[in-house]
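Worksheet: one structure, shown below.
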Amino acid sequence: MFRIINNYFSKKRLKDQNYSYLFDKPHEDEYVCFDCETTGLDPKKDDIISIGAVIIKNNVVISSKKFVRFVKPKTKLQADAIKIHHIRECDLEDADDINNVIEEFIDYVGNRTLVGYFLEFDISMVNKYLKPKIGIKLPNKALEVSEIYYDYKIEKIPQANIDLRFDTIMEDLDIPVMGKHDAYNDALMTSLIFIKLKNLPKVKIK
């Protein structure tokens, strides 16, 4: 109910009616799983440097429709961030402007439900650029795979201490690890987690 009310007021604040499709009823059993690499971990002052995303349709990753974009940041890359994603400023000299990438990304996402691992951070980073541009934050429904995994495990082992680290979830679900801390690979691995969880007995996707 809260989401319905919030979307009602968000639609009124929309600056550009070309984006009204964001409020359409989502495609049935279609999702976009995405991940961002950034200059740091503070959405207020750090920038996106890459976005990777895949479309999931009928429990299949549509690999032919992947989304991979690199962005030239306005803020300096932090050393700790470089150690994680191994992307340097010199690697982004010919990267695109964030305004262009955000437009492309929103068109790619459409009204689909969003999926991710610690998705709140990635959505916050996208909203940093989207809200000044069109007047609203992403209205799309969002599904956090760590929450789905937690609900699945706690149902099996009540009162257990659930390890929600990405590697632990991957190992427990027997999903092969690809190159980590690359936006596309992270999105792809997260999509496989989601598909595996979605098809387990008694798992309910809310």
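The values are calculated or read from the model by the stated rules, or taken from the named source; none is laboratory data. Model, not experiment: these values are computed from the prediction. Every residue, glycine as well, gets a Cβ built from its backbone with ideal geometry; the counts of neighbours run over all protein chains shown. Keep in mind that these areas ignore ligands, DNA and RNA; they rest on the heavy atoms of the full protein, side chains included. Shrake-Rupley method; radii C 1.70, N 1.55, O 1.52, S 1.80 Å.
When restricted to residues that are part of a loop (DSSP other than H, G, I, E, B) and small (Gly, Ala, Ser), the range 153-206 contains 2.
Checking every residue in the range 52-67 against the condition of being in contact (Cβ under 8 Å) with a residue 24 or more places away in the chain, open to solvent by less than 30 Å² (accessible area, probe 1.4 Å) and over 16 Å from the mean Cα position of the chain (by Cα) gives zero matches. Pairing each residue of the range 181-195 that is free of Cβ contacts under 8 Å to residues at least 24 places away in the same chain with any residue that is surrounded by fewer than 24 Cβ atoms within 10 Å (Cβ to Cβ), provided the two are 6+ apart or on different chains, yields C-beta distances under 6 Å for Met189/Met178. On the given criteria, is Lys76 within 23 Å of Glu30 (Cα to Cα) and either open to solvent by 20 Å² or more (accessible area, probe 1.4 Å) or over 19 Å from the mean Cα position of the chain (by Cα) (or both)? No: the conditions fail for Lys76.
Is it the case that the range 88-100 has a residue that's farther than 28 Å from Ser10 by Cα and small (Gly, Ala, Ser)?
Looking for residues that are farther than 28 Å from Ser10 by Cα and small (Gly, Ala, Ser), one finds at least one in the range 88-100, hence yes.
Can you tell me which residue among Asp42, Asp24, Asp35, Asp46 is open to solvent by 50 Å² or more (accessible area, probe 1.4 Å) and in contact (Cβ under 8 Å) with a residue 40 or more places away in the chain?
Numbers: Asp42 fails: in contact (Cβ under 8 Å) with a residue 40 or more places away in the chain; Asp35 fails: open to solvent by 50 Å² or more (accessible area, probe 1.4 Å); Asp46 fails: open to solvent by 50 Å² or more (accessible area, probe 1.4 Å).
So the residue among Asp42, Asp24, Asp35, Asp46 that is open to solvent by 50 Å² or more (accessible area, probe 1.4 Å) and in contact (Cβ under 8 Å) with a residue 40 or more places away in the chain is Asp24.
In the set (1) open to solvent by 30 Å² or more (accessible area, probe 1.4 Å); (2) touching an Asp or Glu at 6+ places or on another chain (Cβ under 9 Å), Leu119 fails one condition alone, (1).
Only one of the numbered conditions (1) open to solvent by 50 Å² or more (accessible area, probe 1.4 Å); (2) modelled with pLDDT of 95 or more; (3) over 19 Å from Glu30 (Cβ atoms) is violated by His181, and that is (2).
Inclusion of Lys11 among residues that are more than 17 Å from Ala183 (Cα to Cα), open to solvent by 10 Å² or more (accessible area, probe 1.4 Å) and in a loop (DSSP other than H, G, I, E, B) is not warranted. For the range 75-104, residues that are part of a helix (DSSP H, G or I) and free of Cβ contacts under 8 Å to residues at least 60 places away in the same chain total 16. The condition (being exposed (fewer than 15 other Cβ atoms within 10 Å of the Cβ) and either of a type in the set (Val, Ile, Thr) or touching a residue at least 40 places away in the same chain (Cβ under 8 Å) (or both)) is satisfied by just one residue among Gly110, Gly135: Gly135. Among the residues of the range 1-21, the one identified as touching a residue at least 12 places away in the same chain (Cβ under 8 Å) and among the small types (Gly, Ala, Ser) is Ser10.
Which residue out of Ser124, Ser146 is out of contact with any Asp or Glu (no Cβ under 9 Å at 6 or more places or on another chain), part of a helix (DSSP H, G or I) and surrounded by 16 or more Cβ atoms within 10 Å (Cβ to Cβ)?
Values: Ser124 fails: surrounded by 16 or more Cβ atoms within 10 Å (Cβ to Cβ).
Ser146 is the lone residue from the list that is out of contact with any Asp or Glu (no Cβ under 9 Å at 6 or more places or on another chain), part of a helix (DSSP H, G or I) and surrounded by 16 or more Cβ atoms within 10 Å (Cβ to Cβ).
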